Amino acid sequence: MKLAYKIDGIFPTPIYITKINRKLSKIENKFIKEIASNVNNNQGNLISKDTYVLDKPPFKKLKIELLAHLKEYYKVVCKFDKVEPYLTQSWLNFTSENQYHHQHEHPNSMISGVFYINSEVNNDSIKFWNHTYKRIRPQISEWTWLNAESWTYPVESNDLIIFPSQVTHSVKVKKGNNLRISLAFNSFIKGEIGTEDKIDLLHI
């Protein structure tokens, strides 16, 4: 018997994937090297002491490009009215062979992103986790977007991934001898939230 039906996805987690189609300039690469010499130990890898790197002059052009994609995410996915997004903090992560990045989220941010400055698709990836409580755990014949407990995206240089800040993500123990360099950023919104008639109006 042939069954007629459809499967909808409700409350999905929208992951925005694109590329910045240009090579970084000599000024940008020089700045990255300067940042790499001034880092803190993170849980599993290294993180820049400067957590506002996109506000610095060498990254002026890159900030404009990343912000354009961020605004596109808010426009197409969020469809907010009377507000606009802005970047809050931004920093560099450095991950060498056998290092990793622990499972984490980005508090006090609405939408976050990662731009991959130096990554190899065969060695590097980002993993997102679905921490919805599972009441039962039967064996799975095939993992799909409907039943997955995690989802991994291979990444390479110039990839940009944007996602809701509350989504748990991580980097598995790194293989390969390339130095993985990524630029992460957070964002928030400014403008008018809510309405007078619902008594929840807020200007931020």
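Taken together, the values in this text are just the output of simple stated rules run on the coordinates, not laboratory data. Bear in mind that the values here come from a model prediction, so they are computed numbers and not experimental data. No Cβ is skipped: glycine too gets one built from the backbone with ideal geometry, and neighbour counts run over all protein chains shown.
Results, tabulated for the structure shown:
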| item | result |
| --- | --- |
| Listed peptides 62-68, 156-162 by packing density, highest first (mean Cβ within 10 Å) | 156-162, 62-68 |
| Given [x] 35; [y] 41; [z] 51, the label whose value is percent of Cα pairs over 26 Å apart derived from this model | [y] |
| C-alpha center-to-center spacing [the range 16-58, the range 88-137] in angstrom | 16 Å |
| Global geometry of the range 119-204, whether rounded, prolate or oblate, following the gyration tensor of its Cα atoms and the 1.5 cut on a/c | oblate |
| Amide N proximity, the range 82-121 versus Asn41 label position 7 Å along Cα-to-Cβ, cut-off under 18 Å | 93-103 |
| Burial order of peptide ranges 72-79, 195-202, 181-188 (average beta-carbon count within 10 Å, highest first) | 181-188, 72-79, 195-202 |
| Net lengthening on full extension, Phe80/His203 (0.36 nm per residue, minus Cα-Cα) | 42.9 nm |
| Computed E for Asn147/Ile193 - FRET, C-beta separation, R0 30 angstrom, nearest 0.05 | 0.30 |
| Listed pairs Lys23/Lys60; Lys127/Lys174; Lys56/Lys127; Lys23/Lys175; Lys19/Lys75 exceeding 20 Å between Cα atoms | Lys56/Lys127; Lys23/Lys175 |
| Segment Ser96-Thr13, length gained on full extension (0.36 nm per residue, minus Cα span) | 27.0 nm |
